[in-house]
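These notes are about the structure you will find just below.
The values are calculated or read from the model by the stated rules, or taken from the named source; none is laboratory data. Note that this is a predicted model, so its numbers are computed, not measured. Please note: Cβ atoms are built from the backbone with ideal geometry, for glycine as well, and neighbour counts cover all protein chains shown. For the accessible areas, the whole protein counts, side chains as well, though only heavy atoms, and no ligand, DNA or RNA atoms are used. Shrake-Rupley method; radii C 1.70, N 1.55, O 1.52, S 1.80 Å.
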Amino acid sequence: MTEDTAGRGARTRGHRKRPPTRRRALAITAWTAAGVVVLGGAGLGYVYVKFNGNLKSVDIDAALGDDRPADVDNGSMDILVLGSDSRSGANGEYGADDGGSARSDTAMIVHLYEGHKKAAVISVPRDTLVTRPSCKTPEGTTDAGGERRMFNESFTVGGPACAVKTVETMSGIRMDHYLEVDFTGFKKIIDKLGGVEITTTKPIKDGASHLDLAAGPHKLNGEQALGLVRTRKSVGDGSDLGRIQLQQAFIKALMKQVKGIGVFDDPARTLDVADTATKAITTDSKLGSVKALAGFAAGLQGIDASDVQMVTLPVGYDEIDPNRVVPLESATRQIWTALSQDRPVPAEALKAGDKGQAEGIVN
């Protein structure tokens, strides 16, 4: 079974009008951080120029042209959020320098339901085998893609545009926006926020991610938070699926922290957080200004952690290569169909697929 059979049939056509106004869980931090950044900057016109200069953006629409699923007029919004883990520059401490070759081991599709009061976050395992579409490379050539390609290779091959094209091909859903954050930016954001409080129900000791936590409550700094979202072999069944479960728990904790720390009560701290976060993220060109990002974040203010449904794409271990996973056709189709119609993910789809056995280790 290949990915394109799972995604085929979910593609819908129509017109959607957007409502007015180096490890996978790094990605959703960009989404959360965007809210922190722009809410702090809202109304502070004199810092807009500075923050606009910090932001990096990519014109996804120009790169992909018209060969995309059409927008559907149902008031929802879909955002592809990636974590970039290039080992060059400041990220070199996490592994050998890769010559600047960007990789994304984090991918989450954030679906904001109509009214933007609830959201579903679909985590796509990095080792998922997909049928990758042809993509333009940074050198100007074309990579033909093909069957049984690892999902996270799309970003390496063709950057953000190829990652978006791959997600749209497998889901049949047009991505309205794109957000990306890297190792170093993730750590800095967490530190500027003053850390994130979590509770571990079991000790976590992972030499690869340099994390050593006893069971009990912790306030993680940026380095520890990065270690947690990179941890794999020391939790659950040691798989990437278990790591996703850790990351999803961390995201919930981070959202609660952003809501509860009162960062906006301190103007100096607010500006510091905003400066750090705008330097850390890359957006699509439609979000590539503080004004646009502010409007986007304003629509997220009503969403609490309890309003976010965390979903892992239903997958099973590949029969040919047990180190890879493949989407389960029926359950995957249920998810894409539900999101395209702005409906909740069916309970049947939530139960499907292999699990990482790390649920409940982090609260």
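Among the GluC sites (Glu not before Pro) found in the stretch 305-363, those both in a DSSP coil and sparsely packed, with 10 or fewer other Cβ atoms within 10 Å of their Cβ, are Glu319.
Note on Lys117 and Asp272: the model spin-label points, each 7 Å out from Cα along the C-beta direction, lie 3.7 nm apart. Modelled spin-label separation between Ser306 and Thr142, with each label point placed 7 Å from Cα along the Cα-to-Cβ direction: 5.2 nm.
Sequence gap at least 6, Cα distance under 8 Å: using those rules, report the relative contact order of the stretch 121-194 to the nearest whole percent.
Details: 82 pairs, mean separation 17.8, N = 74.
Result for the stretch 121-194 is 24 percent.
The length gained on full extension between Lys205 and Lys351, counted as 0.36 nm times the residue separation minus their Cα-Cα distance, comes to 49.7 nm.
Shown for the stretch 263-363: the carbon plus sulfur share of the solvent-accessible area, taken with all protein chains present and a 1.4 angstrom probe, equals 49%. Based on the alpha-carbon gyration tensor of the stretch 142-184 and its eigenvalue square roots a ≥ b ≥ c, which shape applies: rounded if a/c is under 1.5, prolate if not and a/b is larger than b/c, or oblate? Note, shape of the stretch 142-184 comes out oblate. Entry note, the stretch 210-363: relative contact order of 31 percent, from Cα contacts under 8 Å with a spacing of 6+ residues.
Per residue, the stretch 134-222 exposes an accessible area of 41 Å² to a 1.4 Å probe, with every protein chain left in place.
Which whole-number percent is the relative contact order of the stretch 194-299 (Cα, under 8 Å, 6+ apart)? Mind showing how you got there, number by number?
Working: 95 pairs, mean separation 19.5, N = 106.
About 18 percent, as a whole number.
For the pair Asp66 and Glu359, label points projected 7 Å from Cα toward Cβ lie 4.5 nm apart.
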